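*Asks:* Got a structure for you, questions after.
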Amino acid sequence: MENTFLQLHKPWPEVRERIKEQNIELTDEDLDLKPGKENELLERLHSKMHKSKEDIKNWIESISGNDAQSG
């Protein structure tokens, strides 16, 4: 499977907290990101959120790049 790299503009811990603010059902375990394992993160979120991995990737990247992102 091809590895997907997230284009983050902020550190992952900050992005993770913003994601949890927008989707309180996601846990720290759901949002665990190990270097080079972006596909595993996207698979977990795909299963939990029932959205495409591409949509989730775009959503994460938009949260990372937007200081005033609203849910």
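*Asks:* Using helices alone, I'd like the mean residue ellipticity at 222 nm for the chain: each DSSP H run of four-plus residues gives -39500 (n - 2.57), total over residue count, nearest 500. The partial results should precede the final answer.
*Replies:* Numbers: 3 runs with 36 residues, N = 71.
Calculated from helices alone, the mean residue ellipticity at 222 nm is -15500 deg cm²/dmol.
*Asks:* Something else about it: Kindly identify the chain as rounded, prolate or oblate by the Cα gyration tensor criterion: order the square roots of the eigenvalues as a ≥ b ≥ c, call it rounded if a/c is under 1.5, otherwise compare a/b with b/c, prolate if a/b is larger, else oblate. Please report the intermediate quantities before stating the final value.
*Replies:* On the way: a/c = 1.45, a/b = 1.22, b/c = 1.18.
Rounded, because the longest to shortest axis ratio a/c is under 1.5.
*Asks:* OK, next. Quick check on packing: order 23-30, 11-18 by the mean number of other C-beta atoms within 10 Å, highest mean leading.
*Replies:* Packing order, densest peptide first, comes out as 11-18, 23-30.
*Asks:* Still on this structure, please answer the following. Would you mind ranking LEU8, LEU45 so that the residue whose beta carbon has the fewest other beta carbons within 10 Å leads the list? Mind showing how you got there, number by number?
*Replies:* On the way: LEU8 16, LEU45 22.
The most exposed by this proxy come first: LEU8, LEU45.
*Asks:* Reachable aspartates and glutamates from LYS10, Cα under 13 Å, same-chain residues fewer than 8 places away excluded?
*Replies:* Filter leaves GLU61, ASP67.
*Asks:* Let me ask another. Using the membrane-span-like helix rule (whole DSSP H runs, Cα extent along the own axis of at least 20 Å, mean Kyte-Doolittle hydropathy at least 1.6), which helices of the chain qualify? Display every interim value, and only then the final one.
*Replies:* On the way: long enough: none.
None pass (Cα extent of 20 Å or more, hydropathy at least 1.6).
Readers should treat all values here as calculations from the given coordinates under stated rules, not as data from a laboratory. Predicted model only: the values in this text are computed from it and were never measured. Backbone-built Cβ (ideal geometry, glycine too); neighbour counts: all protein chains shown.
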